[in-house]
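The values are calculated or read from the model by the stated rules, or taken from the named source; none is laboratory data. Quantities reported herein were computed from a predicted structural model and do not represent experimental measurements. No Cβ is skipped: glycine too gets one built from the backbone with ideal geometry, and neighbour counts run over all protein chains shown. Each accessible area value is taken on the protein alone, full model and side chains, heavy atoms only, with ligands, DNA and RNA left out. Shrake-Rupley method; radii C 1.70, N 1.55, O 1.52, S 1.80 Å.
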Amino acid sequence: QVQLVESGGGLVQAGGSLRLSCAASGRTFSSFVVAWFRQAPGKEREFVAAITWSGSSTYYAGSVKGRFTISRDNAKNTLYLQMNSLKPEDTAAYYCAADGIGSWPPSRYNYWGQGTQVTVSS
């Protein structure tokens, strides 16, 4: 079993930056593909970025590529999302997910956090 707790969300002006963290419990975190998703009000949840267990490979949604960076520290059981050049359309609840299923990059995950809100003002 893995528990995920996100933090680092908040209110930021357009063009600003935020760094999200996802702390994981469980010894198997380091073996999982992990990812970030987001869901804006009235919209479906969408994929943001994923990273392999070693951190050697990453994958980004086109809407965030070049602005967001996913990383992980397996020694700390923590996943990160550095978000730069934020836009109002990045406003959403951001969720971390672990233990991806299927081919790379996975679209389904066995474990989910509760989410952290990011609001970008114009």
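Some values worked out for this structure:
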quantity	calculated
Qualifying residue in segment 1-16 (condition: open to solvent by 40 Å² or more (accessible area, probe 1.4 Å) and charged (D, E, K, R))	no
Pairs with Cβ under 6 Å, 6+ apart, first in segment 74-97 and of a type in the set (Asp, Glu), second modelled with pLDDT of 95 or more and surrounded by 14 or more Cβ atoms within 10 Å (Cβ to Cβ)	Asp90/Val120
Those residues of segment 17-38 which are more than 13 Å from the chain's Cα centre (by Cα) and under 19 Å from Gly66 (Cα atoms), in sequence order	Ser17
Among the residues listed as Arg67, Arg108, Arg45, the single one being out of contact with any Phe, Trp or Tyr (no Cβ under 8 Å at 6 or more places or on another chain), open to solvent by 40 Å² or more (accessible area, probe 1.4 Å) and of a type in the set (Lys, Arg)	Arg108
Segment 17-42 - residue that is more than 12 Å from Leu79 (Cβ to Cβ) and of a type in the set (Gly, Ala, Ser) and, of those, surrounded by the fewest Cβ atoms within 10 Å (Cβ to Cβ)	Gly42
Of all residues in segment 85-105 being in contact with a Lys or Arg (Cβ under 9 Å, 6 or more places away or on another chain) and at pLDDT below 95, the one that is least open to solvent (accessible area, probe 1.4 Å)	Gly100
